[in-house]
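Q: Provided herewith is a single structure, encoded as C-alpha cells, for subsequent inquiry.
Please treat every number below as a calculation from the coordinates, not as lab data. Quick caveat: nothing in here was measured; it's all calculated off a predicted structure. As a convention, Cβ positions derive from the backbone with ideal geometry for all residues, glycine included, and neighbour counts pool all protein chains shown.
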Amino acid sequence: MSSTALPEQHPWPLWRKLLFRFFFIYLLFQVTPWTWLDAIPGVTYVTKYYFQLMDWAVETANANIFHVRKVLVPVGGSGDTSYGWAQVWLLLSVALIGCIVWSVLDRKRNDYRKLNYWLCLFTRYYIASIAFSYGILKLFALQMPFPSQSMLATPLGDLLPMRLSWLFIGYSAPYQIFSGVMEVLTGLLLLNRRTATLGIMLGTATFLNVMVLNLSYDIPVKLFSMHIVLMCLFLLVNEYNRIACFLILNRLAIPCNLYEHNFPKKWMRVTRVILKIAFVVLFVGYTFYNYLDYYKETVSVKEVKPIRPGMYDVPLYVVNNDTLPALVSDTLRWQDIVFEKGGRGSIKTGDTAYRHIYRRAYFYYKTDTLKQTINISRTAADTNFILSMHYQLPDSITIRLWGMRKNDSLFIELKRSKRHFQLAEKQFHWLSEYNR
C-alpha cells in the first residue's frame, strides 16, 4: 500500500493542542478500542477488569461528587440512565483533569500528528461499526417493526413520544430501508481512506438526523447518538480547512492526509490489511448473517392454531354466573382482545395480573388442541399461567372460553371484530385530490 508523509509540519497553535488532549482522552474512553476483541475467546477475561474498574469509578464518583441519583440504574434498555449520565460526568472530568496535567508535563511539544492519526483511525472505524450495526438492521426493516394490531388498537393519545416515532418509521418499510442504506453507505465509504471524507460528511448528516429524532421524541439513546455526532464532528474539524476551501471559499483544496501513515516494514502493511479484512468480516459479514437469520425467524412466525389472529370484541363476560355489562368504568372486564401471530396478544383491561403497556394488558398464549385448552401467561417463559381455560370454536368468528380464575368461574364469548384500521392498509397515492 502506498502512503504519503503527513503535510503541514508547522507547529500547532495552543488551542488546538489543548482541544486535542481533551478529546483524545474523552473519545478514547468512548471508543474503547481495547474491547473490540471481546469476540475472541479468552479476551473477556482481561477486559472484564476494565469494566469492573469503570463501574467502581462511576459509583464512587457519583456517591462523592456528582450525586446524579442515590442508586444508579445501569445502562440497559435505555442508554440515558442515571449510570449513563454519571459516567459521562466522570469521563468529562477525567478528560479535563488529564488535559491539564498533560498540558503541564508536555507543554513543549509542537504537535500530535501521529497520535491524532491513531485517534482518527479508531474513531472512523468505530463510527463505521455503528453504521453497519444499525444500517444492516434497517435494511431488513427489523429495527422498527410495522405496527402490530395491538398497537393499532391503542389510542394515539396513550402513546409516549418514543413509541409514536417508532411506529411512524416502522409503518414505512421503504423509508426505514432508505435510512439503512444511508447508514450502510456511510460505513462503506469510511472503510476506504480516499472516500472517508465523503463518508464522514454523509455520516454527520445521517446521525445528526438520528440525534434530533432522539432529542425531539424522548428516545432514550440521546447520549449515545450525541457521542456519535460528536465523533463525526471531530473528524470533520480535522479537515475543516480543505472542506471550507472546497465548499465555501471556492479555493483549491489540498488532498486529505488525515488517514495516511507511513508503515515502513512489510509486516506492518500486511497486518494493516489483515485487520481491515477482519473488521469487514466481523462488522459487515457476521452482522449481515446474524440479522438475516433474525429476519427469517421474523417472517416465519406462524399462527397458534386453531386461534385465528385478529381483534375480537367481548359481547359476553360472565363471572360466577353473573353477566357483567360492557361498562367503560369496569377496569377488570375485558373490553376487547387481540391475538397476534407467534403467541402474543393484548387485552383492553385494567387487570394488573398482565403486563401493561399504553393502557393495554399484554400476554402470551399457547394452545393444546387435544385438550382444547388455552394457557395465558405474563411472559413467554412463565409457567404460572394467569388463565388456563377451555375453548370452543362454534364458527369462524366466535371463540368461547370457560374455566376458573382463582376462586371465580369465568365464561367469555369473543366475536371477531369488524373494526377496520386504515393505517394497516399501507396506502399510497400518486394522485391526491385532497388532504387525508
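Q: What is the helix-to-structure angle for 287-299, meaning the angle in degrees between its Cα long axis and the longest Cα principal axis of the chain, kept from 0 to 90 and rounded to the nearest 10?
A: Taking the Cα atoms of the chain, the angle to 287-299 is about 10 degrees.
Q: Determine the distance separating the Cα centre of the range 19-81 from the Cα centre of the range 188-210; give it in Å without decimals.
A: 26
Q: Let me make sure I get this right: for the range 310-422, a, b and c are the square roots of the gyration tensor eigenvalues over alpha carbons, sorted descending. Under 1.5 in a/c it's rounded, otherwise prolate if a/b > b/c, else oblate. Which is it? Write down the numbers at each step before the final one.
A: On the way: a/c = 1.09, a/b = 1.07, b/c = 1.03.
Rounded, because the longest to shortest axis ratio a/c is under 1.5.
Q: Going by alpha carbons, how many degrees (0 to 90, nearest 10) lie between the helix axis of 113-139 and the longest principal axis of the chain?
A: 20
Q: Given the alpha-carbon gyration tensor of the chain, what are the semi-axes of its equivalent ellipsoid in whole angstrom, ordered largest first, with each equal to the square root of 5 times an eigenvalue?
A: Working: eigenvalues 582, 127, 87 Å².
Values for the chain, descending: 54, 25, 21 Å.
Q: Right, here's the next one. Looking at the square roots a ≥ b ≥ c of the eigenvalues of the Cα gyration tensor of the range 135-241, which shape do they give, rounded for a/c under 1.5, prolate if a/b is larger than b/c, or oblate? Numbers along the way, then the final one.
A: Values: a/c = 3.90, a/b = 1.88, b/c = 2.08.
Judged from the Cα gyration tensor, the range 135-241 comes out oblate (a/c at least 1.5, b/c at or above a/b).
Q: Another question about this same structure. Would you calculate the convex hull of the Cα atoms in the range 189-273 and tell me its volume per residue in Å³?
A: On the way: hull volume 9.6 nm³, N = 85.
Per-residue hull volume (Cα only) is 113 Å³.
Q: Related question: What's the longest uninterrupted piece of the chain once you rule out the GluC sites (Glu not before Pro) that are loop residues per DSSP with at most 12 other Cβ within 10 Å?
A: 9-432
Q: Please identify the trypsin sites (Lys or Arg not before Pro) of the range 220-317 that satisfy two criteria: DSSP loop assignment and at most 15 other Cβ atoms within 10 Å. Which are they?
A: Values: sites: K222, R242, R251, K265, K266, R269, R272, K276, K296, K302; in loops: R251, K265, K302.
Filter output for the range 220-317: R251, K265, K302.
Q: What's the angle, to the nearest 10 degrees (0 to 90), between helix 14-31's Cα axis and the longest principal axis of the chain?
A: 40
Q: Next question. Which value in deg cm²/dmol, rounded to the nearest 500, describes the helix-derived mean residue ellipticity at 222 nm for the chain, given -39,500 (n - 2.57) per DSSP H run of n ≥ 4 and division by the residue count?
A: On the way: 12 runs with 190 residues, N = 436.
Taking each H run of at least 4 residues, the total per residue is -14500 deg cm²/dmol.
Q: Can you tell me which of 319-330, 387-398 comes out highest on packing, and rank the rest after it, using the mean Cβ neighbours within 10 Å? Please report the intermediate quantities before stating the final value.
A: Values: 319-330: 9.9, 387-398: 13.5.
Averaged packing, sorted descending, gives the order 387-398, 319-330.
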